[in-house]
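Contents: one structure, followed by commentary.
The values are calculated or read from the model by the stated rules, or taken from the named source; none is laboratory data. Since the structure is predicted, the reported quantities are computational estimates derived from the model, not experimental observations. For neighbour counting, all protein chains shown are included, and Cβ atoms are generated from backbone atoms with ideal geometry for every residue, glycine included. With ligands, DNA and RNA removed, areas are computed over all heavy atoms of the protein, side chains included. Shrake-Rupley method; radii C 1.70, N 1.55, O 1.52, S 1.80 Å.
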Amino acid sequence: MNIKEYIESGIIEAYVLGLANQAERAEFEQLCTQYPELVAARREFEEGLEKHASEQAMQPPSGVKVKVLEAIVDATQGAPEPVSSNPPKIITMENEKKGSSGLLRFVAAASVILLVGLAWFTYQSYKQNKDLESRNAVLNEKLNSTQKTLDAIVDETSVLKNPNTTVVNMVGTKVAPKSSANVYWDSTNNNVFLVVKNMPQLPSDKQYQLWALIDGKPTDLGVFDSKSDKVILKMKDTRKAQAFAITIEKQGGSPTPNLDSMQSLGKTLQSQ
Amino acid sequence: MGIPNTYNTEQELVLALKRRDNQAFSILYDNYAGALYSIIKQIITDNAELAGDVLQEVFINIYRKIDTYDQTKGRLFTWMLNIARNASIDTLRSKSYQNSQKNQELPDNVYKGTANQSIQLNVDNIGLKKVLEKLKPEHRVLVELAYFKGFTHEEIADMMSIPLGTVKTRIRNALLQLREYLQ
């Protein structure tokens with residue numbers, strides 16, 4: 001081959017500018033390995049081209065460089081990590097029989113769900129049962145208490161209905177004009193009951209005391225407070241009484257009444 | 001073209017690029033983006049924004065393909081120039097570009113007629129096209145079609161109704177003249 005002729009054929013320019021076809025390129029590259037003068041001529045044209053192109057350079061749009069560098073940084077960061085030489089050991093728990101493993105897993109899962117469900121249900125039932133039991137006990141307690149109260153009231157009110165019972169209306173004295181109470185006195189069995197209608201609240205060291213005046217002499221019939229959970233108070237029995245009187249005495253009562261503090265007085269038929 | 005300040009030889013720059021040295025890439029851009037943009041603009045003549053997009057694509061491709069660059073086959077700039085030219089021609093031929101051009105009147109008779117006619121191509125007087133101005137018109141149009149439009153010799157022969165051998169010869173002659181001007 002006449003390399004000089006080849007160099008002058010225009011193949012260098014075609015090759016460098018990308019206008020040579022594949023066969024021409026292959027031949028050119030092959031010849032470059034044999035003829036340094038071909039490489040030198042190619043280099044000369046390339047340098048001329050590059051010089052010319054740089055002389056003709058145009059200012060590229062301003063944002064392009066930033067976008068390019070961003071894309072490159074992304075590409076660098078997005079690069080896949082090298083595969084670790086020590087991959088984590090993963091032990092798979094596989095059943096030997098693949099086919100039954102699925103069913104077995106399903107059954108196992110179903111069993112666990114069922115067991116949990118059953119436990120929950122049992123617990124709920126137990127809790128509910130306990131709850132009902134305790135509520136039942138409370139209700140029973142209330143019922144007993146109410147029954148006792150009712151029985152007591154019925155018992156007490158029977159006294160009021162008793163035709164033998166004498167009602168003594170106790171009226172307030174000058175010291176305590178608002179005090180009022182009723183004494184129910186069953187002459188057949190000497191039982192004395194007291195119904196407090198309005199008795200002023202006393203200091204905690206004081207109590208009211210009921211007296212029966214028998215032939216002008218006061219007899220203790222017991223103490224009571226201004227307020228009581230009982231409607232009817234059972235006092236001490238007395239066979240005779242011309243009048244009943246209430247005084248304020250020290251806690252627990254006095255052997256003789258402090259008549260200055262007499263709150264109310266009621267006369268019986270016996271006094272007439 | 002000057003070799004970047006921080007690299008004494010093109011070979012050093014290429015090695016840095018192959019190491020994916022982003023700093024080297026930044027220097028590469030600063031040194032060559034203008035020249036490559038000029039080539040892109042000579043191919044995509046009517047859309048500066050699109051030319052900018054192509055420039056971006058070209059540099060990303062340079063980054064991705066730097067490992068395939070073989071210094072024994074040519075200079076770095078030659079390799080990059082061909083990437084830029086191919087990307088530009090691909091864009092020119094893309095469906096979206098063709099569609100964007102649809103409504104524009106294209107002189108259909110540009111490639112028709114004989115080689116002896118003085119065919120007025122829309123040649124901006126920039127870059128290599130400026131060099132083409134110095135060529136004989138019948139040579140110029142062939143280089144224009146081959147280089148800036150990316151047509152093969154066979155396509156040009158068909159288009160111009162001249163024998164393939166004539167196309168090859170004229171292009172070779174034109175390229176030889178080009179070489180004279182570039183020296």
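How long are the three semi-axes of the equivalent ellipsoid of region A:109-182, in whole Å, if each is the root of 5 times an eigenvalue of the C-alpha gyration tensor, listed from largest down?
Here the semi-axes work out to 62, 16, 5 Å.
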Checklist line | Distribution of pairwise C-alpha distances over the protein assembly as shown, 20 Å bins, in % | finding: 17, 24, 8, 8, 7, 11, 15, 9, 0
Item checked: Helix-derived mean residue ellipticity, 222 nm - over chain A, DSSP H n ≥ 4, -39500 (n - 2.57), to 500 -> -15500 deg cm²/dmol
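For A:Ala152 and A:Ser254, compute 0.36 nm times the residue count separating them, minus their Cα-Cα distance, and round to one decimal in nm. Numbers along the way, then the final one.
Working: separation 102, 0.36 × 102 = 36.72 nm, distance 2.88 nm.
Going from the current span to full extension adds 33.8 nm.
If I take R0 = 25 Å and measure r between the Cβ atoms of A:Lys206 and A:Lys234 in this structure, what FRET efficiency does the formula 1/(1 + (r/R0)^6) give, to the nearest 0.05?
Computed FRET efficiency for A:Lys206 and A:Lys234 comes out at 0.70.
For A:Leu19, B:Leu13, give me the order by solvent-accessible area with a 1.4 Å probe, most accessible first, ignoring ligands, DNA and RNA. Walk me through the numbers before you get to the answer.
Numbers: A:Leu19 20, B:Leu13 0 Å².
Heavy-atom accessible area, descending, gives A:Leu19, B:Leu13.
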Item checked: Debye intensity ratio in log₁₀ form over the Cα atoms of chain A, taken at each q of 0.12 Å⁻¹ -> -0.95
Item checked: Buried on assembly, region B:30-74 (at least 30 Å² less accessible surface than by itself, 1.4 Å probe) -> B:Gly34, B:Ala35, B:Tyr37, B:Ser38, B:Gln56, B:Ile60, B:Tyr63, B:Lys73
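Would you kindly state how much longer the chain becomes between A:Asn129 and A:Gln59 on full extension, computed as 0.36 nm times their sequence separation minus their alpha carbon distance, in nm to one decimal?
Full extension from A:Asn129 to A:Gln59 adds 16.4 nm.
Please compute how much accessible surface disappears when B pairs with A, both sides summed, using a 1.4 Å probe, and round it to the nearest 100 Å².
On the way: alone 10860 and 20150 Å², together 26970 Å².
So the buried area, both faces added, is about 4000 Å².
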Item checked: Accessible area per residue, Å², region A:156-272 with all protein chains present, probe 1.4 Å -> 55
Check: Taking a point 7 angstrom from the Cα of B:Ile60 along the C-beta vector, which residues in region B:4-48 have backbone N less than 11 Å away?
Finding: none
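Could you sort B:Arg140, B:Arg93 by their accessible area in this structure, using a 1.4 Å probe and putting the largest first? If you can, show how the numbers build up before the last one.
Numbers: B:Arg140 35, B:Arg93 110 Å².
Of B:Arg140, B:Arg93, the descending order of accessible area is B:Arg93, B:Arg140.
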